[in-house]
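First up is the structure itself, then whatever we jot down about it.
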Amino acid sequence: MNLLAIIYGLVFIKIGISHFREPGKFVEIIPPLLPFPLILVYITGAMEVLGGIAIIYPETQVLAGRFLALFLIGVYPANLYMWTHDVAFNGTKFSTQGHILRLLAQLLLIAAALYISGDLVPA
């Protein structure tokens with residue numbers, strides 16, 4: 001097993017579980033135009049747990065890496081909403097620099113998912 005995939009997967013599993021343990025902090029950052037924010041929090045939490053598990057196993061890394069890259073793009077609007085509407089996450093408001101760092105971290109996570117999937121590995 002790939003150590004990067006294991007660490008990456010465990011991080012996603014942990015974050016996904018937190019969607020079920022502390023859903024309120026995630027509900028707050030869902031843009032109001034999206035319906036049923038609590039259900040969306042549970043769905044995204046389940047997707048993170050399942051994606052985290054799947055990326056750990058070599059047999060499912062390609063599909064899981066691609067899925068998680070698309071997932072990270074799909075959930076970024078919540079981060080953008082936080083930024084543009086100065087919404088706190090778990091009681092913390094981020095500065096512009098903090099939001100830029102979050103964006104860079106998101107891009108790094110996308111790149112890592114695609115690297116694990118093999119899509120960013122030179123042929």
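The values are calculated or read from the model by the stated rules, or taken from the named source; none is laboratory data. For clarity, every value in this text was computed on a predicted model and none was experimentally measured. No Cβ is skipped: glycine too gets one built from the backbone with ideal geometry, and neighbour counts run over all protein chains shown.
Mind checking which pairs have a first residue in the stretch 83-95 that is under 16 Å from Gly24 (Cα atoms) and a second that is assigned to a loop (DSSP other than H, G, I, E, B) and at pLDDT 95 or above, Cβ under 9 Å, 6 or more apart or different chains?
These pairs meet every condition: Asn90/Glu22.
Being of a type in the set (Lys, Arg) and closer than 23 Å to Leu108 by Cβ is the filter; apply it to the stretch 11-48 and report the residue that is surrounded by the most Cβ atoms within 10 Å (Cβ to Cβ).
Lys25
With the condition kept exactly as written, say whether any residue in the stretch 59-68 is free of Cβ contacts under 8 Å to residues at least 40 places away in the same chain and buried (at least 20 other Cβ atoms within 10 Å of the Cβ).
no
Of the residues Ala113, Ala78, only one is within 26 Å of Arg21 (Cβ to Cβ), small (Gly, Ala, Ser) and at pLDDT 95 or above; which?
Just a single option satisfies the conditions, and that option is Ala113.
Cβ-Cβ under 9 Å, sequence separation 6+ or interchain: first residue in the stretch 96-121 and over 14 Å from Phe71 (Cα atoms) and among the aromatic types (Phe, Trp, Tyr), partner crowded, with 17+ Cβ neighbours inside 10 Å and modelled with pLDDT of 95 or more. Which pairs?
Final answer for the pair search is Tyr115/Gly65.
What pairs come up if the first residue lies in the stretch 11-38 and is over 20 Å from His99 (Cβ atoms), the second is among the charged types (D, E, K, R) and part of a helix (DSSP H, G or I), and their beta carbons are under 8 Å apart, counting only those six or more places apart or on different chains?
Correct list of pairs: Phe12/Glu48; Ile13/Glu48; Gly16/Glu48; His19/Glu48.
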